[in-house]
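The values are calculated or read from the model by the stated rules, or taken from the named source; none is laboratory data. Being a predicted model, the structure only gives us computed values, none of them experimental. Cβ placement follows ideal geometry from the backbone for every residue including glycine, while neighbour counts extend to all protein chains displayed.
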Amino acid sequence: MKFMTHVSRDYLIGFALVLLMVAGAMFLHDQEIILPEIAALTAGMWIYHNPRWLHQPYKIFLAPSGTAVIGFLINQLPVNYPIKISLTLVGILVLLRELRSPLAPAFATGLLPIIVNATHWSFIGAIFLFTLILMIGVLRQGHYRRAIASDPIHFQHILGFAAVAIVWIIGVCLAGQPQMAGIPPVLVVFFEVLQRPTYSGKLALKQIAALSGAATIGVVGHLLVTSWLLATLISLPLVLLLLALLNLKLPAAYAFPLLALVLPPTMFIHLPIAATLAASFFLGTVLVYRKITAAMTTSITEEN
């Protein structure tokens, strides 16, 4: 009973922080301070207590804030959308490598200013404020003391991420859909999966279903309810229910209801399809790669 009380409290506090952010955006009439990945970070650290994210809590502020600044500055450059996405991904990978941080949601905070075309410094101020609140919350909870040190980001993971991302960006541009070049929650899960020692087809299917389902919930919720706050209040518990049905802990899925609020109209209506295609491509690529390497390892072992 005590455990359930703690879990319920963590969920309520986490959701309250997200709702406070949306309410602040409504009060200030500033859409740029709605930060979808704050929902994912809150779920991962305050609710699921992800040990990889909790280790070195000061980087909870440094990594997402740093990538947000990178994305914000690159968005001011007079270059086209796919190039902005590509440059931002490179900058994010370099920063995470230098910080030795595996905090995958930092990809989302870096890409967001490109996707929503953030131009006001209120975006950066909001990132600083909410990541600082998250860091303080983690320090107060104390779970970081039991979090084991995560492995550093390996160069092959960076190379693999960049290579697959470039193929995807080129593909969507050739298909005439450059707005699909960067879907933050999908890239967050992709980066996490790359660092897993094992990956199964069953888990890949569940993650694809969770990401596409969360995207659909976010879009349908916003279509049915015009109020940002009410749409978020309805959508977040539905994502929680979806993940419970899939028996899956996937913090990135919580970003979709907020992402649906801030996307340009041309991207908004296609979000469920884009999320499904992107998740299938990125996670499917990891699965195929793991299958091939496992087969090659087995073959070499048998020959010896």
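Numerical summary
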quantity	calculated
Residue in region 110-126 that is hydroxyl-bearing (Ser, Thr, Tyr), under 19 Å from the mean Cα position of the chain (by Cα) and either in a loop (DSSP other than H, G, I, E, B) or at pLDDT 85 or above (or both) present	no
Residue satisfying condition, being in a helix (DSSP H, G or I), at negative phi and buried (at least 18 other Cβ atoms within 10 Å of the Cβ), within set 275, 295	275
Residue under evaluation residue 235, criteria (1) surrounded by fewer than 20 Cβ atoms within 10 Å (Cβ to Cβ); (2) in contact (Cβ under 8 Å) with a residue 12 or more places away in the chain; (3) farther than 21 Å from residue 164 by Cα; (4) among the polar types (S, T, N, Q), criterion not met	(1)
Residue in region 153-171 that is part of a helix (DSSP H, G or I), closer than 22 Å to residue 54 by Cβ and touching a residue at least 40 places away in the same chain (Cβ under 8 Å) present	no
Options 225, 220, 239: the member that is β-branched (Val, Ile, Thr), within 12 Å of residue 185 (Cβ to Cβ) and out of contact with any Lys or Arg (no Cβ under 7 Å at 6 or more places or on another chain)	239
Unique match (being over 30 Å from residue 29 (Cβ atoms), among the hydrophobic types (A, V, I, L, M, F, W, C) and either in contact (Cβ under 8 Å) with a residue 40 or more places away in the chain or buried (at least 21 other Cβ atoms within 10 Å of the Cβ) (or both)) among 99, 87, 95, 111	99
